[in-house]
Amino acid sequence: MQEHDNEESEARTARIRELNDLLRKEREGGHMCVSNGVVALGYEVFCEIREKVKAFDAFTPANDPYGEHDFGNLTHNGHEIFWKIDYYDNAQTYASPDPTDPSLTTRIITIMLASEY
């Protein structure tokens, strides 16, 4: 029974990771928010940061303990940048009832200065 639960849990995590990577890399399956601090850096700098977020692959147990690829940090031109993905219900009022199901989930990736977190 425990082996089945582990397989189910791993499949669930893999599905969440897949959907998160799709949003982060392709901007599909959700929305993007950008903090005021990143906006203040200018559009060109934002575009550079966005490319780094898309290419981010430095996931470790320290920054991705659940294996969902829902958080990352990087440095750009001396600015520490965080990005994170949250899962909401479709009304964006509460947490998603099932982040593996895109029909029940609105994903939002937020890109911000670390100091704004």
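The values are calculated or read from the model by the stated rules, or taken from the named source; none is laboratory data. Predicted model, so just to flag it, every value in this text is computed and none were measured. Counting neighbours? That spans all protein chains shown, and the Cβs are built from the backbone with ideal geometry, glycine included.
The single condition among (1) of a type in the set (Phe, Trp, Tyr); (2) in contact (Cβ under 8 Å) with a residue 24 or more places away in the chain; (3) closer than 25 Å to Ala40 by Cβ that Tyr66 does not meet is (3).
Filtering segment 41-48 for residues that are charged (D, E, K, R) and within 12 Å of the chain's Cα centre (by Cα) leaves an empty set. Exactly one residue out of Gly37, Gly42, Gly29 is touching a residue at least 12 places away in the same chain (Cβ under 8 Å) and at positive phi: that is Gly29. Counted as qualifying within the chain are the helices (runs of 4 or more DSSP H) with 1 or more residues that are touching a Leu at 6+ places or on another chain (Cβ under 6 Å), namely 36-40, 43-55. One residue alone among Asn63, Asn20 is at pLDDT below 95 and of a type in the set (S, T, N, Q), and that residue is Asn63. In summary, Ile108 fulfils each of the numbered conditions (1) in contact with a Gly (Cβ under 7 Å, 6 or more places away or on another chain); (2) farther than 27 Å from Phe46 by Cα with the single exception of condition (2). Across segment 15-47, the number of residues qualifying as over 21 Å from Ile108 (Cβ atoms) and surrounded by 13 or more Cβ atoms within 10 Å (Cβ to Cβ) comes to 1. Evaluation of Thr60 against the conditions (1) closer than 26 Å to Gln92 by Cα; (2) exposed (fewer than 13 other Cβ atoms within 10 Å of the Cβ) shows that the sole unmet condition is (1).
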